[in-house]
Amino acid sequence: MSERIHKILGMLERDRVEGRTFEFQGRPYAIPYQDIVIDGVKIKGLREVDSRIIDIMGIIIGAGLEIKSAVDIGSNTGAIIARFGEFLGLKNVMGVEPDSYYVKLSQEIFPGLNIRLGYLHQMDFASMGADLVTALSMIEYVTDKPKFVHDLFRLTNKICIVEGHSEDIKLGIDKVYEKLLKQEKWAVIRHSKLTDAGLNAPSDSPGRPLWYCIKEN
């Protein structure tokens, strides 16, 4: 078991996490971007996963939505979409990740998990729409943000969860993103809680804003 863990940890690149490292069984490795669990062993990353999953599950339950499919845009290691599949009992889950490094890593950590290499704007919305769409800490990196939000709208059947970034509130960018989200024909609610800022965030960051956007039937 531990050799598989060492193999996966050996795939992690330090420059992806600003040089941050940790030791596992006496060997130094780069920490992952997200918390990951390999063969029952939890490896701490820059971003935690458990409380975000709990928050999003609470939103879904509170909205009374039945979710049969899920897509995570910018799936990174696949940890988020894998947990959604587990918690919601879904077979139809998919991650979309533009970086081949993370696609290979996620396939090693979660064999059989459907992670597609590509970008949101390259997707076939007619055939790939999902009840639940997540885009967590992605919008900052997108050049054409209005198109990105519109593409999320087109992809979403029922609910879309959008997470901002660690400095959004301090810089007032959260208001810009919220305005963009409200331009689409869905109900936009800002979550009452913030998600974790991340280990690499500025020390004065209060956390990351989270919105859920619900399409009416």
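Readers should treat all values here as calculations from the given coordinates under stated rules, not as data from a laboratory. All values reported here derive from a predicted model rather than from experimental measurement. Glycine gets a Cβ as well: all are built from the backbone with ideal geometry, and neighbour counts include every protein chain shown.
Quick notes
- Each principal axis of the Cα cloud of segment 129-217 was evaluated for its coordinate range; sorted largest first, these ranges are 41, 25, 18 Å.
- Restraint check, LYS68/LYS147; LYS147/LYS185; LYS193/LYS215; LYS147/LYS179; LYS44/LYS193, Cα-Cα greater than 18 Å: LYS68/LYS147; LYS193/LYS215; LYS44/LYS193
- Descending Cα extents along the principal axes, segment 84-144, whole Å: 34, 27, 21
- Computed across segment 23-73, the Kirkwood radius stands at 13.4 Å (inverse of mean 1/r, all Cα pairs).
- DSSP finds beta bridges in segment 1-125, and of those with both partners inside it, around 45 percent are antiparallel.
- Considering every alpha-carbon pair of segment 2-43, the percent of pairs per 5 Å bin, from zero through the bin containing the longest distance, is 6, 24, 38, 25, 7, 1.
- GNM flexibility winner over the chain from SER192, SER69, SER106 (Cα, springs under 10 Å): SER192
- ILE38 long-range amide H proximity, modeled H, under 5 Å: ILE43
- Size of electric dipole in the chain: Cβ of Lys, Arg +1 and of Asp, Glu -1, about Cα centre, debye, nearest 20: 240 debye
- Within a Gaussian network of the chain (alpha carbon springs, distance under 10 Å), most fluctuating of ASP131, ASP72, ASP39: ASP39
- Span-rule helices in the chain, defined as complete DSSP H runs reaching 27 Å or more along the axis (Cα) with Kyte mean at least 1.0: none
- Cβ-based net charge around LEU113, under 14 Å, with every Lys or Arg adding one and every Asp or Glu removing one: 0
- Only alpha carbons enter this Debye calculation for the chain, each as an equal point scatterer, and the log10 of I(q)/I(0) it gives at q = 0.09, 0.10, 0.12, 0.16 Å⁻¹ is -0.34, -0.43, -0.62, -1.12.
- Net charge of Cβ neighbours under 9 Å - reference ILE67; Lys, Arg +1; Asp, Glu -1: 0
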